[in-house]
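K.L.:
One structure coming up, written as structure tokens, with questions to follow.
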């Protein structure tokens, strides 16, 4: 299969490319840096600039599926300008891809799989939400997800299946939230956030890339929660990391107002509670390699 990937050099994209190449697929990837363009037999780069509406049209030649991972990192201070970048990095890039595919009606693309976010769901500790949930949260990130998903849904008018993976906290040593949680715990200054009761719906990086591959092989469409079967509280996550690192957590929980002073509106990420179900993907036969938080943290840090 020939697959076009956006965000191929990011945290998830890098691991997904490795997996797909190992399975014998050919990868086309889009990059905003001409210095990062390679042209190997099964790994071929193409230039694009979504802000300027530029894209190398050869990127979709003989492509069977698109995996759309591009998007500005949400773990940076949310100034008004950066909020706009968070939105546009997801929506303008999808719009550029759509217009390109629409321009070439003889394309052979059958599916687009897009990253998405769990922020769309209401805050919850006790109630578990699944993909049928109609209620949404009224927040900046929830609105980002709505616009993000709407920008890829338009591919349906071209007869292309649209699969959206609403991704929880990705556990990886190479980036994302986990290394930032590990740092203070390693130094002996770790603590849970706020009440510590907020639910973290998470997924190991290996399971996430396996889920993308599963969605590709099964030609899935619709929305799927990319979270493991065992969501946990922030306090349990902190204590599990400490146990694996052979450290103790002795400081009192960090108040929300303190982190808001330090991080601004982005502190929402630390205190948000999303209790989500993975049953929909399980019912299709997907199996998690790391369904348990202790096993996941041990794999990454032992």
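K.L.:
With 62, 95 as the choices, which residue is surrounded by fewer than 17 Cβ atoms within 10 Å (Cβ to Cβ), part of a loop (DSSP other than H, G, I, E, B) and modelled with pLDDT of 95 or more? Walk me through how you get there before you give the answer.
P.N.:
Values: 95 fails: part of a loop (DSSP other than H, G, I, E, B).
Answer to the selection: 62.
K.L.:
Follow-up. Just checking, how many residues over segment 130-140 are at pLDDT 95 or above and within 18 Å of the chain's Cα centre (by Cα)?
P.N.:
The qualifying residues number 2.
K.L.:
Oh, and also: Any residue at all in segment 22-40 that's more than 26 Å from residue 214 (Cα to Cα), modelled with pLDDT under 95, part of a strand (DSSP E or B) and out of contact with any helix residue (DSSP H, G or I) (no Cβ under 9 Å at 6 or more places or on another chain)?
P.N.:
Residues of segment 22-40 that are more than 26 Å from residue 214 (Cα to Cα), as a first pass: 32-39.
Imposing the further condition that a residue be modelled with pLDDT under 95 reduces the set to 32-39.
Next, only the ones that are part of a strand (DSSP E or B) stay: 39.
With the extra rule that they be out of contact with any helix residue (DSSP H, G or I) (no Cβ under 9 Å at 6 or more places or on another chain), the set shrinks to 39.
Yes, the conditions are met somewhere in segment 22-40.
K.L.:
Also, I was wondering about something else. What helices (runs of 4 or more DSSP H), lying completely within segment 200-302, carry at least 3 residues that are farther than 28 Å from residue 9 by Cα and either modelled with pLDDT of 95 or more or more than 21 Å from the chain's Cα centre (by Cα) (or both)? It would help to see each step written out before you state the result.
P.N.:
Working: elements: 205-217, 234-244, 256-263, 268-271, 279-282, 293-301.
The qualifying helices (runs of 4 or more DSSP H) are 234-244, 256-263, 279-282.
K.L.:
Taking the condition assigned to a strand (DSSP E or B), surrounded by 14 or more Cβ atoms within 10 Å (Cβ to Cβ) and modelled with pLDDT of 95 or more, does residue 45 pass? Lay out the reasoning, then the answer.
P.N.:
Working: assigned to a strand (DSSP E or B): yes; surrounded by 14 or more Cβ atoms within 10 Å (Cβ to Cβ): yes; modelled with pLDDT of 95 or more: yes.
Yes; evaluated as a whole, the condition is true for this residue.
K.L.:
Now a separate question. Mind checking whether some residue in segment 9-18 is farther than 18 Å from residue 216 by Cα, without any contact (Cβ under 8 Å) to a residue 24 or more places away in the chain and either more than 18 Å from the chain's Cα centre (by Cα) or surrounded by fewer than 22 Cβ atoms within 10 Å (Cβ to Cβ) (or both)? First the steps, then the outcome.
P.N.:
Restricting attention to segment 9-18, the residues satisfying the condition of being farther than 18 Å from residue 216 by Cα are 9-11.
If we keep only those that are without any contact (Cβ under 8 Å) to a residue 24 or more places away in the chain as well, we get none.
The answer is no; no qualifying residue exists.
K.L.:
Applying the selection to segment 152-161, what residues are surrounded by fewer than 21 Cβ atoms within 10 Å (Cβ to Cβ) and in contact with a helix residue (DSSP H, G or I) (Cβ under 9 Å, 6 or more places away or on another chain)? I'd like the intermediate steps shown before the answer.
P.N.:
Of all residues in segment 152-161, those surrounded by fewer than 21 Cβ atoms within 10 Å (Cβ to Cβ) come to 153-154, 156-161.
Residues satisfying the conditions are 154, 157, 158, 160, 161.
K.L.:
Which one is farthest from the chain's Cα centre (by Cα) among residues in segment 48-59 that are part of a helix (DSSP H, G or I) and touching a residue at least 24 places away in the same chain (Cβ under 8 Å)? Talk me through it step by step, then tell me what you get.
P.N.:
Looking only at segment 48-59, we keep the residues that are part of a helix (DSSP H, G or I), and these are 50-52, 57-59.
Pick out the ones that are also touching a residue at least 24 places away in the same chain (Cβ under 8 Å) and you get 50-51, 57, 59.
Values: 50: 20, 51: 21, 57: 26, 59: 23 Å.
So the residue we want is 57.
K.L.:
Return yes or no: is residue 103 surrounded by fewer than 19 Cβ atoms within 10 Å (Cβ to Cβ) and in contact (Cβ under 8 Å) with a residue 12 or more places away in the chain? Talk me through it step by step, then tell me what you get.
P.N.:
Working: surrounded by fewer than 19 Cβ atoms within 10 Å (Cβ to Cβ): yes; in contact (Cβ under 8 Å) with a residue 12 or more places away in the chain: yes.
Yes, satisfied.
K.L.:
Considering only residues that are closer than 12 Å to residue 160 by Cα and in contact with a strand residue (DSSP E or B) (Cβ under 7 Å, 6 or more places away or on another chain), which ones fall in segment 90-110? Walk me through it before giving the result.
P.N.:
Within segment 90-110, the subset closer than 12 Å to residue 160 by Cα is 98, 101-102, 105, 107-110.
Selection gives 109, 110.
K.L.:
Return yes when residue 72 is farther than 22 Å from residue 220 by Cα and part of a loop (DSSP other than H, G, I, E, B) and no when it is not. Let's see the steps before the verdict.
P.N.:
Values: farther than 22 Å from residue 220 by Cα: yes; part of a loop (DSSP other than H, G, I, E, B): yes.
The answer is yes for residue 72.
K.L.:
Residues of segment 214-249 being at positive phi and touching a strand residue (DSSP E or B) at 6+ places or on another chain (Cβ under 9 Å), which ones? Let's see the steps before the verdict.
P.N.:
Of all residues in segment 214-249, those at positive phi come to 219, 222, 246.
Within segment 214-249, 219, 222 meet the criteria.
K.L.:
Additional query: Exactly one of these conditions fails for residue 217: (1) within 29 Å of residue 68 (Cβ to Cβ); (2) touching a residue at least 24 places away in the same chain (Cβ under 8 Å); (3) surrounded by fewer than 20 Cβ atoms within 10 Å (Cβ to Cβ). Give me its number.
P.N.:
(2)
K.L.:
Right, another one. Can you tell me which residue in segment 19-32 is farthest from residue 47 (Cα to Cα), limited to those that are under 19 Å from the mean Cα position of the chain (by Cα) and free of Cβ contacts under 8 Å to residues at least 40 places away in the same chain? Show your work before the answer.
P.N.:
Taking segment 19-32 and keeping what is under 19 Å from the mean Cα position of the chain (by Cα), we get 19-20, 29-31.
From what is left, the residues that are free of Cβ contacts under 8 Å to residues at least 40 places away in the same chain are 29, 31.
Working: 29: 9, 31: 5 Å.
Restricting to residues being under 19 Å from the mean Cα position of the chain (by Cα) and free of Cβ contacts under 8 Å to residues at least 40 places away in the same chain, the top hit is 29.
K.L.:
Follow-up. Can you find a residue in segment 222-233 that is without any contact (Cβ under 8 Å) to a residue 12 or more places away in the chain and surrounded by fewer than 20 Cβ atoms within 10 Å (Cβ to Cβ)?
P.N.:
Let us first name the residues in segment 222-233 that are without any contact (Cβ under 8 Å) to a residue 12 or more places away in the chain, namely none.
No, that holds for no residue.
The values are calculated or read from the model by the stated rules, or taken from the named source; none is laboratory data. Please read these numbers as outputs of a predicted model, since none were measured by experiment. So basically every Cβ, Gly included, is an ideal-geometry build from the backbone, and we count neighbours across all protein chains shown.
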